[in-house]
1. Yes or no: region 59-66 includes at least one residue that is at pLDDT 95 or above and among the polar types (S, T, N, Q).
2. Can you tell me which residues in region 56-115 are out of contact with any helix residue (DSSP H, G or I) (no Cβ under 7 Å at 6 or more places or on another chain) and basic (Lys, Arg)?
3. Kindly indicate the residue of region 31-46 that is modelled with pLDDT of 95 or more and either part of a loop (DSSP other than H, G, I, E, B) or basic (Lys, Arg) (or both) and also nearest to Val110 (Cα to Cα) among those meeting that condition.
4. Which residue is farthest from Val45 (Cα to Cα), if the candidates are limited to region 188-227 and must be among the aromatic types (Phe, Trp, Tyr) and not in a helix (DSSP H, G or I)?
5. Given the options Val63, Val54, Val88, name the one that is within 17 Å of the chain's Cα centre (by Cα) and closer than 30 Å to His204 by Cβ.
6. Residues Lys84, Lys100: which one is without any contact (Cβ under 8 Å) to a residue 24 or more places away in the chain and not in a helix (DSSP H, G or I)?
7. Could you count how many residues in region 207-229 are modelled with pLDDT of 95 or more and in contact with a Phe, Trp or Tyr (Cβ under 7 Å, 6 or more places away or on another chain)?
8. Could you tell me whether any residue of region 146-156 is under 13 Å from the mean Cα position of the chain (by Cα) and either within 26 Å of Val24 (Cβ to Cβ) or among the basic types (Lys, Arg) (or both)?
Amino acid sequence: MKDDGAVTRVEAGPAGHWRPGTQVLWRYRENAGDHVHIARPVTVVRDDAELLAVWLAPGTECVRPVLADGTPVHLEPLESRYTKPRTVQRDRWFGTGVLKLAQPGRPWSVWLFWEPGWRFKNWYVNLEQPLVRWSGGVDSEDYFLDISVHPDRSWYWRDEDEFAQAQRDGLMDAATAERVRAAGRDAVAVIEGWGRPFPDGWQHWRPDPSWTVPSLPDDWDRTPAHVSS
């Protein structure tokens, strides 16, 4: 892995925050290792002490994990999904774009999805390690368990089977699993109280038409020299 360096275009604003329009990487490490296995170039929408918002544009070239023979992970039976050898491959983000919202220090981010024609579909709460910032983006570790939230404010757990299988396969110990469950309960409390960011109107947001689709840098997996929360 290479040392820290510039991503496509990184611009610092006040207090080290990125200016809107800056292109950075949103990455996830493996659950049983230190290597990055998911890397998505995104465009900064807002970045301040209260919120980091980024846009993952349709057609963006990303890196995703696959089985060693190239089989998509989701097509592998759950019982062997996390034990078979893996590699990574470059691919394009399919479908409509995604707006990702992260509040500093929180062990989850909230993603917004739309149907074609900008018909709002749902919010998606992704339970994860609090984002760690570095000069070229943010890093985290995904915790399998998620929550789907719909416009009528109904919600339900997602991927509980994957969460349980990851524990059986040793990707998460009991203490970590309980922290994830606790984070999920906290997220549910925010949802049921309709706390931020849900009432903030982000479903009406639209990307700046002048923004270009970010490129995936060759050194997408580099090790940051400096990190911060």
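1. Among the residues of region 59-66, at least one is at pLDDT 95 or above and among the polar types (S, T, N, Q), which makes the answer yes.
2. Within region 56-115, Arg64, Lys84, Arg86, Arg90, Arg92, Lys100, Arg106 meet the criteria.
3. Only one residue tops the list, namely Arg46.
4. Restricting to residues being among the aromatic types (Phe, Trp, Tyr) and not in a helix (DSSP H, G or I), the top hit is Trp194.
5. Result: Val54 is the single residue among Val63, Val54, Val88 that is within 17 Å of the chain's Cα centre (by Cα) and closer than 30 Å to His204 by Cβ.
6. Selected residue: Lys84, the only one of Lys84, Lys100 that is without any contact (Cβ under 8 Å) to a residue 24 or more places away in the chain and not in a helix (DSSP H, G or I).
7. Counting residues in region 207-229 that are modelled with pLDDT of 95 or more and in contact with a Phe, Trp or Tyr (Cβ under 7 Å, 6 or more places away or on another chain) gives 1.
8. Checked region 146-156: at least one residue is under 13 Å from the mean Cα position of the chain (by Cα) and either within 26 Å of Val24 (Cβ to Cβ) or among the basic types (Lys, Arg) (or both).
The values are calculated or read from the model by the stated rules, or taken from the named source; none is laboratory data. All values derive from a computational prediction rather than experimental measurement. Note: ideal-geometry Cβ built from the backbone for every residue, glycine included; neighbour counts use all protein chains shown.
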